[in-house]
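Shown next, in structure tokens, is the structure this report addresses.
We did not get these values from a lab; they are worked out from the coordinates using the rules stated. The structure presented is a predicted model; accordingly, all values stated were derived computationally and were not measured. All Cβ positions, even for glycine, are placed from backbone atoms using ideal geometry, and neighbour counts span all protein chains on display.
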Amino acid sequence: MEFWDTPEHQAISKRNRANRAKQIAKHAAGKISFPQFEEIMSRGRFGAPPSLGDLFVRTHTSSQTHDALDDQSREYIHKMKDLVGIDEHGTQLPLSDEIYREVMPPERHGHDNRVNDTESRLAEMQRVAQEKEEERRLEIEEIKRQAQEKDEQRLHEIDEMKRQLDARCGHGSHDLCKRWLILPKWYQRGGA
């Protein structure tokens, strides 16, 4: 009981009451977000997302009574079903996004965030891919720089060893010194 009486919880409760009072059409989604409901409904549709109309009907209809939760939802659902009609077998045709937009007041159209969500996810994926590509490019440049430094260091070491051998042997004239001086092919091509 102590939790419910705290000033913080009372403020949250007051805010939530005010938000619920603003609802024109109640929904039965509970804690499940509309994108999560969309995902759940997609599983039964072979991965295809439901239309806005189907999503509205599913989230504004009681699972026990299969009736609309309130008069406003009932009115929207009846208007959508009347506009879409039925096929020759008496089966209701699917509710399209266009039917939903035709029935719903314009201020509700902003609730279709699927397009924006998809575009923002795509933009985010492209941004991440570009960042990864740039990271890899920089890594490759660093590896090339390190390899070039090592090559230069090896060439310098070989030149130093050659100078030391020349100093010992009298500038490479001794046969034994020439036999000891076996240079790698990569050094012979690019270096001395």
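Quick notes on this structure:
- Working from label points 7 Å from Cα in the Cα-to-Cβ sense, the Gln64 to Arg20 distance is 1.6 nm.
- Highest average first, the peptides 148-155, 56-63, 130-137 ordered by how many other beta carbon atoms sit within 10 Å of their residues are 56-63, 148-155, 130-137.
- Electrostatic bookkeeping for Lys132 treats Lys and Arg as +1 and Asp and Glu as -1; over the other residues with beta carbon under 13 Å from its beta carbon, the sum is -3.
- Extension gain, Gln10 back to Leu155 (0.36 nm per residue minus Cα-Cα distance, nm): 44.5 nm
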